[in-house]
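Below is one structure, written out as structure tokens; comments come after it.
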Amino acid sequence: VSDNSTGWFGSVSKTTDAGKTWTQVLTTNLAEDYIYFNEISCSSETNCIVVGEGDGANGGYLTVAYTTFDGGATWEKTFSSADFVSLMSVKFVSSTDAWLLATQKSGRNLVGNFFKTTDGGKTFTLSSTLNNCFGMDMSFAGNLGLAACCSSSGSSCSIAVYK
């Protein structure tokens, strides 16, 4: 590691032999980035989205999502925002539809922001928000959506149910 490294960087590795060997397919710039990855979701062997968070160049918040459509050979930053304190969760629900759960700080309140993509992760649109929700994770079953949220104080957590 060079003296110019930040110490924070995101990386994704892939296995094609049930975990015997791994190949790094994505790494962010160790000398410039202050981000780390939290979760990855794939709709197929070729289409995946990885989400992360950290600090922007000005020291403020930074949340990101990178998407691959070719099994990790190339990645594109398809979501980047300084408006959110955290981006913990991404989940594909079909071959083209996926959700991101980013948390925004508004005064002392934390707001879960649910973004949806219908194009495999090329673009994301805000679908809904949920007050007092530090978004931790999501799960889907049929038409039912579940989001794990912690309170702004961190003293309690709950499950939000969407139909």
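The values are calculated or read from the model by the stated rules, or taken from the named source; none is laboratory data. Bear in mind that the values here come from a model prediction, so they are computed numbers and not experimental data. Note that each Cβ is placed from the backbone with ideal geometry, even for glycine, and that neighbours are counted across all protein chains shown. Just the protein is used for accessible areas: all its heavy atoms, side chains included, with ligands, DNA and RNA removed. Shrake-Rupley method; radii C 1.70, N 1.55, O 1.52, S 1.80 Å.
Key figures for this structure:
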item: The range 51-93: C-alpha gyration tensor shape, a/c 1.5 cut-off, then a/b vs b/c; result: oblate
item: Chymotrypsin sites (Phe, Trp or Tyr not before Pro) within the range 1-89: DSSP coil, no more than 15 neighbouring Cβ in 10 Å; result: Trp8, Trp22
item: Rounded to whole Hz, the Karplus (6.51, -1.76, 1.60) HN-Hα couplings of the range 70-81, x for glycine and proline; result: 10, x, x, 5, 9, 9, 10, 6, 9, 8, 8, 8
item: Whole-Å distance, taken between Cα centres, linking the range 1-60 and the range 64-135; result: 16
item: Solvent exposure of the chain as accessible area per residue, Å², 1.4 Å probe; result: 54
item: Quotient of C-alpha Rg and 2.2 N^0.38 Å, computed over the range 26-122; result: 1.06
item: Entries of Lys20/Lys91; Lys14/Lys116; Lys91/Lys122; Lys105/Lys163; Lys77/Lys163; Lys77/Lys116 with Cα pairs more than 21 Å apart; result: Lys20/Lys91; Lys14/Lys116; Lys105/Lys163; Lys77/Lys163
item: Taking the range 17-163 and dividing mean pair separation by its residue count, relative contact order in percent (alpha carbons under 8 Å, at least six apart); result: 15
item: For the chain, alpha-carbon Rg over 2.2 N^0.38 Å; result: 1.06
item: Low-density loop cleavage sites - trypsin sites (Lys or Arg not before Pro) in the range 62-112, where at most 16 other Cβ are within 10 Å (DSSP); result: Arg108
item: Accessible surface of the range 25-148 [probe 1.4 Å, protein heavy atoms]: carbon and sulfur percent; result: 49
item: Low-density loop positions, chymotrypsin sites (Phe, Trp or Tyr not before Pro), the range 133-163 - DSSP coil, at most 16 other Cβ in 10 Å; result: none
item: Vicinal HN-Hα couplings computed from phi for the range 29-41 (Karplus, 6.51 cos²θ - 1.76 cosθ + 1.60; Hz; Gly/Pro x); result: 7, 5, 7, 10, 8, 10, 10, 9, 8, 10, 7, 10, 9
